[in-house]
Every structure is written in structure tokens, then in C-alpha cells.
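Trainee: Take this structure, written in C-alpha cells, and hold onto it; I'll ask about it next.
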Amino acid sequence: MAIQWWQILLLTLYAGYQILDELQIYSAFSQPVFAGLVTGAIMGDMTAGLIIGGSMQLTILGVGTFGGASRIDANSGTVLATAFSVGLGMNPEQAIAAIAVPVASLMIQMDILGRFTNTFFAHRIDSDIEAMNYKGIERNFLLGALPWALSRALPVFFALSFGGGFVDNVVGYLNTDLKWLGDGLSVAGAVLPAVGFAILLRYLPVKKHLAYLILGFVLTALLTTVFGNIQLLGVAVAGVAKDFAPAFTNLPMLAVALIGFAFALNEYKKSVAQPMVMKDHSEDTSEGEIEDDEI
């Protein structure tokens with residue numbers, strides 16, 4: 001299936017929007033899993049989009065941007081990988097390793113270019129502040145969004161417009177003459193989410209909360225086993241009773257998420273809410289006390 005012009009247009013507009021959402025709007029549509037969802041919906045295969053977006057989300061799980069630092073652009077990588085995966089019939093795992101990750105890494109340079117170009121408008125805002133030119137501040141603030149949007153939109157547009165033939169040839173080689181390499185890329189794409197978890201665990205206070213980590217692992221294993229058996233039972237019942245429709249697929253993750261929320265809420269109450277209440281109480285009881293120098 002060839003990528004249509006209207007799909008290129010919509011994906012280009014989304015690529016420009018997602019970086020603005022990450023910087024200013026904060027609607028959460030700048031996350032890789034949403035990039036996969038949106039791209040999959042546009043391309044007509046949301047399953048492939050969610051597989052690629054979810055994998056890229058897990059891959060950068062422990063990666064953060066601090067200060068003016070640049071990081072890999074997993075969103076643009078997800079957009080291109082999903083578009084080519086669906087448009088050219090490429091395996092999603094292959095698309096993750098062969099397109100999503102390399103594109104995300106290359107887009108670091110576009111992020112730097114966007115930051116560099118945006119300093120022009122930042123200096124103009126400095127001058128407008130000194131001149132008390134409020135209209136100029138607003139105008140240059142809005143114009144500053146252009147370099148950011150173009151730094152993502154233009155690469156996606158050119159890649160989708162002119163890169164299809166090249167990617168199609170690469171996919172053909174990966175599936176025929178270089179099948180061993182294509183299979184290796186598929187394995188690498190499946191392993192990448194584990195890298196994200198490893199990075200996240202590297203920066204989390206695991207030693208301090210080791211008990212929660214062990215408990216979470218045990219609960220996940222137990223609930224997956226329990227609900228997995230219940231699902232098998234439901235499938236067996238559905239084979240006998242045609243009107244019975246089992247829907248237990250998401251129950252393990254839902255149960256784990258609710259247990260995790262309960263632990264997080266309990267920890268919040270102990271470490272944040274309770275000290276604040278005790279502090280307010282101590283301040284209230286100190287009012288009206290007579291100091292020694294007042295007697």
C-alpha cells in the first residue's frame with residue numbers, strides 16, 4: 001500500500017504539532033505511544049502503530065531532558081516507522097530497529113538546529129522587554145514556535161515524500177538476501193523496551209524501595225498466572241456456549257496498576273501529606289504562646 005498525499009500531509013502536520021505540545025500545550029499527544037496511535041489511525045493500522053509507539057515509549061522510559069539538553073526524538077521515529085511499516089508491509093519489530101531508533105537518534109541534530117534558530121526570536125524578545133513592547137513580545141513568542149515545528153515537520157515530510165522507494169528496497173533486501181539481518185533487527189526491536197526499563201531502574205531509588213520492587217514482581221507474576229488461567233477457562237467455556245464472550249485480556253495489567261496506585265498513594269501520604277499536616281499543626285499550636293522575653 002503506497003502512502004497517499006493526504007496521509008503525508010496529516011503526518012507532517014502532526015510531526016510539527018507534537019514538539020509544540022511537548023513544550024507548551026501539554027496534552028500528552030507528544031508521547032511515542034500517542035504518536036503510534038495517531039499515525040496508525042491515519043495509516044489504517046492502529047495495531048502496528050501501538051506496537052511501535054509502545055515499544056519506543058518503553059525504550060525511552062528512563063531517558064529525560066534536563067535543562068537545554070537534547071534527547072532522541074522518539075516521536076518522529078515512531079511516525080516514520082509506523083508509516084513505512086504499514087505502507088510497505090514491513091514487520092513492526094523490524095521497523096523499530098531499522099527505522100524508529102536510527103531516525104530518533106538522527107533527529108537530535110534537528111533538535112539542536114531548532115534550538116539554535118529559536119535564539120533569534122529569544123533575543124528579539126529581550127529587546128522588546130527593554131522597550132516595553134508587549135505586542136512584540138507576544139509576536140516573537142508565537143514566531144518562535146516555527147523553528148521548533150519545522151525542525152520536525154520538514155524531515156518527516158521529505159522522508160515520507162522521497163524515502164519510500166529507498167525504504168522499500170531496504171525492506172526487500174531484509175526479507176530476501178539479508179533475511180538473517182532482518183531477523184536480527186526484529187529481535188533487537190523486541191529487546192529495546194528492556195533497555196528502557198534498565199535505564200529507568202538505574203536512576204530510580206531501587207535500593208531504598210527494594211521491597212516494593214520485589215512485591216511488584218511477585219504480584220505481577222501471580223496475577224498474570226491467575227488471570228491467564230481464567231482466560232483459558234473463558235475460552236473453553238466460549239467453545240461450548242457460543243453466546244459467552246470472554247474479556248479478561250486486560251485484567252492482569254489493570255489489577256497491577258490499581259495495586260501500584262494504592263502503594264503510591266500510601267507512600268505519598270507518609271512522605272508528603274502527613275509531614276505537611278504536622279507542620280501546619282505545629283504552627284497553629286505555637287500561636288499565642290508567651291515567650292520568656294515577653295514576661
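The values are calculated or read from the model by the stated rules, or taken from the named source; none is laboratory data. As the structure is a prediction and not an experimental result, all values here were calculated from the model. With ideal geometry, Cβ positions are generated from the backbone for all residues, glycine too; neighbour counts draw on all protein chains shown.
Trainee: Could you tell me which numbered condition Ala247 fails, if it satisfies all but one of (1) modelled with pLDDT of 70 or more; (2) within 31 Å of the chain's Cα centre (by Cα); (3) over 27 Å from Ile60 (Cβ atoms); (4) not in a helix (DSSP H, G or I)?
Mentor: (1)
Trainee: To continue, here is another question. Suppose we filter region 7-50 for residues that are over 22 Å from Gly114 (Cβ atoms) and more than 14 Å from the chain's Cα centre (by Cα); how many remain?
Mentor: Of the residues in region 7-50, 10 are over 22 Å from Gly114 (Cβ atoms) and more than 14 Å from the chain's Cα centre (by Cα).
Trainee: How many of the residues making up region 85-141 are within 26 Å of Leu154 (Cβ to Cβ), surrounded by 15 or more Cβ atoms within 10 Å (Cβ to Cβ) and charged (D, E, K, R)?
Mentor: Result for region 85-141: 4.
Trainee: Condition test on Glu130, is it among the charged types (D, E, K, R), in contact with a helix residue (DSSP H, G or I) (Cβ under 8 Å, 6 or more places away or on another chain) and modelled with pLDDT of 80 or more?
Mentor: Details: among the charged types (D, E, K, R): yes; in contact with a helix residue (DSSP H, G or I) (Cβ under 8 Å, 6 or more places away or on another chain): no; modelled with pLDDT of 80 or more: yes.
So Glu130 fails the test.
Trainee: Let me ask you something else. Conditions: (1) at pLDDT 85 or above; (2) touching a Gly at 6+ places or on another chain (Cβ under 6 Å); (3) among the hydrophobic types (A, V, I, L, M, F, W, C). Leu160 meets all but one. Number of the miss?
Mentor: Of (1) at pLDDT 85 or above; (2) touching a Gly at 6+ places or on another chain (Cβ under 6 Å); (3) among the hydrophobic types (A, V, I, L, M, F, W, C), only one is false for Leu160: (2).
Trainee: Which one of Thr47, Thr82 is crowded, with 21+ Cβ neighbours inside 10 Å and among the hydroxyl-bearing types (Ser, Thr, Tyr)?
Mentor: Details: Thr47 fails: crowded, with 21+ Cβ neighbours inside 10 Å.
Exactly one residue qualifies, and that residue is Thr82.
Trainee: Whether any residue in region 114-124 is at pLDDT below 90, in a helix (DSSP H, G or I) and under 22 Å from the mean Cα position of the chain (by Cα) is what I want to check.
Mentor: yes
Trainee: Additional query: Could you identify the single residue in Ala255, Ala198, Ala188, Ala221 that is assigned by TED's automatic domain parsing to the domain that holds Glu93, modelled with pLDDT of 70 or more and part of a helix (DSSP H, G or I)?
Mentor: Numbers: Ala255 fails: assigned by TED's automatic domain parsing to the domain that holds Glu93; Ala188 fails: modelled with pLDDT of 70 or more; Ala221 fails: assigned by TED's automatic domain parsing to the domain that holds Glu93.
Exactly one of Ala255, Ala198, Ala188, Ala221 is assigned by TED's automatic domain parsing to the domain that holds Glu93, modelled with pLDDT of 70 or more and part of a helix (DSSP H, G or I), namely Ala198.
Trainee: Kindly evaluate Glu93 against the criterion of being out of contact with any helix residue (DSSP H, G or I) (no Cβ under 6 Å at 6 or more places or on another chain), acidic (Asp, Glu) and at pLDDT 80 or above.
Mentor: Answer is no for this residue.
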